Amino acid sequence: MNNFLDFFHFMDKKGKTFRPKKRFTHGTIRYSLHKQAQASLQSGINLRDVVKLPSGEHMNDWLAVHVVDFFNRINLIYGTVSEYCTEMTCPKMSGGSRYEYFWADGDKFKKPTALPAPRYIENLMDWVEGQINNEDIFPITTDIPFPRSFQSLSKKILTRLFRVFVHVYIHHFDRIVAIGAEPHVNTCFKHFYYFVMEFSLIASKEMEPLAELIKQICKEYSPTEK
Ligand SMILES: [Zn+2]
């Protein structure tokens with residue numbers, strides 16, 4: 001399994017995921033964009049080129065496809081470490097000793113609240129899943145327009161998903177290495193990073209916890225470049 005998409009298909013089949021995968025509806029533009037994006041990844045095209053908006057396509061469709069794909073993959077990645085991420089091992093949602101995240105969703109948690117990492121990530125993934133499954137926000141056919149807030153909401157989703165990478169990389173990387181998933185997780189992270197950099201979707205201060213990793217594995221694209 002030297003291709004990282006094969007790895008994700010494999011993990012998906014093994015049922016390691018802790019929530020069902022979100023799929024695109026066959027025959028829609030977003031389904032074909034998703035397939036096109038996957039084919040580009042399979043063919044080994046440079047990841048910096050893979051993330052660029054194909055000519056003639058709409059930014060919101062491109063964004064929607066990537067938000068859903070990244071959600072699915074990050075869900076699988078967290079699924080591989082989730083049994084090692086407990087309230088005992090991770091009483092805080094941290095990324096090393098310098099960063100701690102507090103959960104607020106304006107609904108169940110009105111004020112930013114300290115939670116153990118598995119509870120934080122559970123709330124985060126539930127929240128993202130709720131946004132993605134909301135057809136007013138992620139319309140399933142192209143005759144229904146995206147809401148005006150779509151891009152700002154997508155930024156928020158990606159910013160929150162990034163925190164799962166932070167926690168997994170800093171606290172559970174040994175597990176990723178133990179199952180041989182390191183190159184796949186790194187490729188997924190690079191793809192995610194290049195995508196958010198291409199369209200300036202995540203504030204650079206949010207990326208500080210993984211600055212070292214970014215320096216090491218995303219050499220083609222230093223954060224100061226843009
Ligand atoms: Zn953990």
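Readers should treat all values here as calculations from the given coordinates under stated rules, not as data from a laboratory. Fair warning: this is a prediction, and the values are worked out from it, not measured in the lab. All Cβ positions, even for glycine, are placed from backbone atoms using ideal geometry, and neighbour counts span all protein chains on display.
Miscellaneous remarks
- ³J(HN,Hα), Karplus 6.51/-1.76/1.60, whole Hz, each residue of region 91-107, x for Gly, Pro: x, 10, 8, 10, x, x, 7, 8, 10, 9, 9, 10, 8, 9, 10, x, 10
- Cα→Cβ-extended label distance, 7 Å offset, between LYS156 and ASN46, nm: 3.6
- Charge-dipole axis of the chain as Lys and Arg at +1 and Asp and Glu at -1 on Cβ define it, positive-most pick from ILE121, ILE144, SER154: ILE121
- Its Cα gyration tensor gives the chain an equivalent ellipsoid. The semi-axes, each the square root of 5 times an eigenvalue, are 25, 21, 18 Å from largest down.
- Calculated mean residue ellipticity at 222 nm for the chain: -17000 deg cm²/dmol, from DSSP H runs with n ≥ 4 weighted as -39500 (n - 2.57), summed, divided by the residue count and rounded to 500.
- Near THR113, the amide H atoms lying under 5 Å from its own belong to TRP103, ALA104; only residues 5 or more places off or on other chains count, and H is placed 1.01 Å from N.
- Dipole magnitude of the chain, debye to nearest 20 (Cβ charges: Lys/Arg +1, Asp/Glu -1, about Cα centre): 180
- Note, ³J(HN,Hα) from phi for region 173-190, Karplus 6.51, -1.76, 1.60, rounded to Hz, x at Gly and Pro: 5, 4, 5, 4, 5, 4, 8, x, 8, 3, x, 6, 5, 4, 5, 4, 5, 4
- Ordering of 50-59, 187-196, 203-212, 169-178 by packing is 187-196, 169-178, 203-212, 50-59, highest average first (other Cβ atoms within 10 Å, averaged per residue).
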